[in-house]
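Worksheet: the structure to be examined is printed underneath.
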Amino acid sequence: MRIVEPTYQLYPGENLSQRVALFVDVQNIWKTCGKINYDALLRYGVRGRQLVRAAAFMRYDPEDEGQHNFMRALSHLGYRVVAKELRRMPDGTVKGDMDIEIVVDALTLGHALDVMVLVTGDGDFVRPVEILGSLGVRVEVIGPDTNTSTQLIYAADHYTSLSSIKGILDTQEFIERAQARYNSIPSNPDYSQIHGKH
């Protein structure tokens, strides 16, 4: 386990000894919010507690260098990148949903956690959130302001609106922190197409 520097105050029911995982549904966040500062997201989600795992789940186009740079930046910031290659269908649509991977990893890891921070607005996660709760895991949801499922908010132990997180829209800070740690990220990685080309 590693400690992410405490930058935010803890809420009631939280303490520094809690074991935390933070899972990001990158596609959902991209579709609803666009670019965000994933470093600020990690610092807020963990808030000085014991990080067991941070994971970013996304689909990607293997021919898109910008997406590879984005995944590299996430990795350098401490995220485990769980990526699935886009599948192009004969009718031109693309497939690459990551819901199953998020659910399986969350439920598999649940026994080793006190807290699961799920970053999404997708109502498909209501039942997995309820199951984690029944296992004694506190579930905190961070979601887009107007695009988070009401049922998901109700199922969670705590909900935070993404835009309320200080620095969340400062994508330049995200790039600079990744560069400072590893000096291998291009000065302006293009991750504008992380959702895949349609």
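Listed values, structure above:
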| item | result |
| --- | --- |
| Residue list for the range 32-50, filter: part of a helix (DSSP H, G or I), in contact with a Pro (Cβ under 6 Å, 6 or more places away or on another chain) and farther than 20 Å from VAL103 by Cβ | CYS33 |
| Single unsatisfied condition, THR146 versus (1) assigned to a loop (DSSP other than H, G, I, E, B); (2) surrounded by 15 or more Cβ atoms within 10 Å (Cβ to Cβ) | (2) |
| PHE174 vs. criteria modelled with pLDDT under 90, under 15 Å from the mean Cα position of the chain (by Cα) and closer than 15 Å to ILE29 by Cβ | yes |
| Any hit, the range 133-140, residues being in a helix (DSSP H, G or I), out of contact with any helix residue (DSSP H, G or I) (no Cβ under 8 Å at 6 or more places or on another chain) and modelled with pLDDT under 95 | no |
| Long-range neighbours under 9 Å by Cβ, at least six apart or interchain, first residue free of Cβ contacts under 8 Å to residues at least 12 places away in the same chain and over 18 Å from PHE23 (Cβ atoms) within the range 75-93, second assigned to a strand (DSSP E or B) and charged (D, E, K, R) | ARG87/ARG59; ARG87/LYS95; ARG88/LYS95; MET89/LYS95 |
| Qualifying residue in the range 18-29 (condition: farther than 21 Å from VAL141 by Cβ, crowded, with 19+ Cβ neighbours inside 10 Å and within 15 Å of the chain's Cα centre (by Cα)) | no |
| Test for ALA56: is it modelled with pLDDT of 90 or more, closer than 22 Å to ASP105 by Cβ and in a strand (DSSP E or B) | yes |
| Selected residue (criterion: surrounded by the fewest Cβ atoms within 10 Å (Cβ to Cβ)) from residues of the range 66-83 that are in a helix (DSSP H, G or I) and touching a helix residue (DSSP H, G or I) at 6+ places or on another chain (Cβ under 7 Å) | HIS76 |
| The one condition in (1) at pLDDT 90 or above; (2) not in a helix (DSSP H, G or I) that ILE29 fails to fulfil | (2) |
| Residue check, GLU5 in a loop (DSSP other than H, G, I, E, B), farther than 21 Å from SER163 by Cα and at pLDDT below 90 | no |
| Of residues in the range 84-124 being assigned to a loop (DSSP other than H, G, I, E, B) and of a type in the set (Asp, Glu), the one surrounded by the fewest Cβ atoms within 10 Å (Cβ to Cβ) | ASP91 |
| Residue list for the range 41-65, restricted to those being of a type outside the set (D, E, K, R) and either buried (at least 22 other Cβ atoms within 10 Å of the Cβ) or within 11 Å of the chain's Cα centre (by Cα) (or both) | LEU41, LEU42, TYR44, GLY45, VAL46, ALA54, ALA55, ALA56, PHE57, MET58, TYR60 |
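The values are calculated or read from the model by the stated rules, or taken from the named source; none is laboratory data. Note that the structure is a prediction, hence the values are computed from the model and not measured. Note that we place each Cβ from the backbone using ideal geometry, even for glycine, and neighbour counts take in every protein chain shown.
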